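S.K.: Below is one structure. I have some questions about it.
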Amino acid sequence: MRFRLERLLPAILSVALLGCGAQPSPHAEGASRLDTSALPLTARTLLSTLSASQRDDATFPFDDPERTRWAYVPQKRAGIPLKAMEAEQRAAAFGVLGTGLSERGTGLARGIIELEGTLGELEGVFSRVVLRRDPELYYLALFVGPGGTRPWGWRFEGHHLSVNVTELGPHGQIVAPLFMGANPARVPSGPREGHRLLAAEEDLAFELLQMLDPQQRARASIAAQTFGDIVTGNDPTVTPMTFAGLPAAEMTIDQQQQLRRLLEVYAGRMADSSAHRQLQRINDAGFERLHFAWAGAHQPGNPHYYRIHGPTVLVEYDNSQGSANHIHTVWRDLENDFGGDLLRKHYAQQPHGH
């Protein structure tokens, strides 16, 4: 398996920092002066439960470079962790999460957090102490616009989870990049033996692959081996890539319907209104222009990768690591990650002095 070691270096270098306690926040002085009065109720509810120092850790100006930094490997993160929150504060933090994710998406996020504890138990003391497999090391950060008004955004993030939301008022909400992973993909032993958090993402894709005739399958297959991870990694902006694989235009109606079901599994992680807008944009750009590409094994249990790539969207799935029992998935909005084109449109129509 070809493994991209450079993507682990930030985690390796920062693992020691995880145990060093909270560090002074470089933005604290500015954050304490942020006007948050115009934020929606869920965010204001959370902030009302936080101490002054916690608010400084949790809040950033909207234009802070931190907003477009994201990662899905273990490392020290900006924001306030669940570990530092009381029960009321955690409930409020998950209330914020529920404004960007659907009920299913929120359930997946909670499941990923629970799997972190399962992974720690499976890997043993070294993993728990050195790699800090800890369900409480998930962080919430708020990014507040001038005067506390829109645009504003937030990030809920930890190992195998990165939810990045940009709120643009009349221009809508963007939930992207949206990363979810599962390790183990199938729990091998213990009380949760056999549990598969991201089962639909794997099963529906294999079903689609098997629905293709030999010529279509050959067209869809772009590599005999996987790439060791999702190709785009945690890049803030997706570098344009050539369409590869089998176009939906060359699929039968049944195959297209299966592709749509798979796509809806990913879109369905977002709040319903966001998912609807994303799927509508995909349709408007031409559903037939989507490409389904596969790499690696054509049978479960061996390293495999696929992506769905269209004019507005890129979905990646990889199950290469851990003897093909370690899933990474991501939804990228090729036009509007972190607000993107919609954010520029928002500023053009409602100048904020930028």
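S.K.: What distance in nm lies between label points placed 7 Å from Cα along the C-beta direction at Arg261 and Arg344?
M.R.: With each label point 7 Å from Cα toward Cβ, the separation is 3.9 nm.
S.K.: I'd like to compare 113-119, 241-247: which one has the highest average count of other Cβ atoms within 10 Å, and what's the full order after that? Show your work: numbers first, answer last.
M.R.: Values: 113-119: 19.7, 241-247: 15.4.
By packing density, highest mean first, the sequence is 113-119, 241-247.
S.K.: Kindly provide the helix-only [θ] at 222 nm of the chain, computed as the sum of -39,500 (n - 2.57) over DSSP H runs of four or more divided by all residues, to the nearest 500 deg cm²/dmol? Walk me through the intermediate numbers first.
M.R.: Working: 12 runs with 129 residues, N = 354.
Result for the chain: -11000 deg cm²/dmol, rounded to the nearest 500.
S.K.: Compute the FRET efficiency between Ala87 and Ala200 as 1/(1 + (r/R0)^6), taking r as their Cβ-Cβ distance and R0 = 25 Å, and round to the nearest 0.05.
M.R.: Details: r = 31 Å, r/R0 = 1.26.
With a Förster radius of 25 Å, E is 0.20.
S.K.: Additional query: Can you give the FRET efficiency for Asp254 and Leu122, using 1/(1 + (r/R0)^6), R0 = 35 Å, r = Cβ-Cβ distance, to the nearest 0.05? If you can, show how the numbers build up before the last one.
M.R.: Values: r = 39 Å, r/R0 = 1.12.
E between Asp254 and Leu122, to the nearest 0.05, is 0.35.
S.K.: Ok, one more. Which percent, nearest 5, of DSSP beta bridges in the chain are antiparallel?
M.R.: Values: 47 of 52 bridges.
Here the share of antiparallel DSSP bridges comes out near 90 percent.
S.K.: Right, something else. What FRET efficiency comes out for the pair Asp213/Leu41, r = Cβ-Cβ distance, R0 = 51 Å, nearest 0.05? Write down the numbers at each step before the final one.
M.R.: On the way: r = 53 Å, r/R0 = 1.04.
In this case the efficiency is close to 0.45.
S.K.: Carbon-plus-sulfur fraction of the accessible area of the chain, 1.4 Å probe, in percent? List each step's numbers first, then the result.
M.R.: Values: 8020 of 14900 Å².
Answer for the chain: carbon and sulfur cover 54 percent of the accessible area.
S.K.: Moving on to the next point. Say a paramagnetic label sat at a point 7 Å from the Cα of Met241, along Cα to Cβ; which residues of the stretch 305-327 have their backbone N under 19 Å from it?
M.R.: The answer is 305-321, 326-327, whose backbone nitrogens lie closer than 19 Å to the label point.
S.K.: Once phi is turned into ³J(HN,Hα) by the Karplus curve 6.51 cos²θ - 1.76 cosθ + 1.60 with θ = phi - 60°, what whole-Hz value does each residue of the stretch 326-331 show in order, with x for glycine and proline?
M.R.: These are the phi-based 3J(HN,Hα) values: 8, 9, 10, 9, 8, 10 Hz.
S.K.: Sort the stretch 33-109 into rounded, prolate or oblate with this rule: let a ≥ b ≥ c be the square roots of the eigenvalues of the Cα gyration tensor; rounded if a/c is under 1.5, and if a/c is not under 1.5, prolate when a/b is larger than b/c, oblate otherwise. Before the final figure, lay out the partial values.
M.R.: Working: a/c = 1.34, a/b = 1.08, b/c = 1.24.
Cα axes put the stretch 33-109 in the rounded bin.
S.K.: Return one whole number: the accessible area per residue of the chain in Å², for a 1.4 Å probe. Walk me through the numbers on the way to the answer.
M.R.: On the way: 14900 Å² over 354 residues.
Roughly 42 Å² per residue, with all protein chains present.
The values are calculated or read from the model by the stated rules, or taken from the named source; none is laboratory data. Bear in mind that the values here come from a model prediction, so they are computed numbers and not experimental data. Backbone-built Cβ (ideal geometry, glycine too); neighbour counts: all protein chains shown. Surface areas here come from the heavy atoms of the whole protein model, side chains and all, with no ligands, DNA or RNA. Shrake-Rupley method; radii C 1.70, N 1.55, O 1.52, S 1.80 Å.
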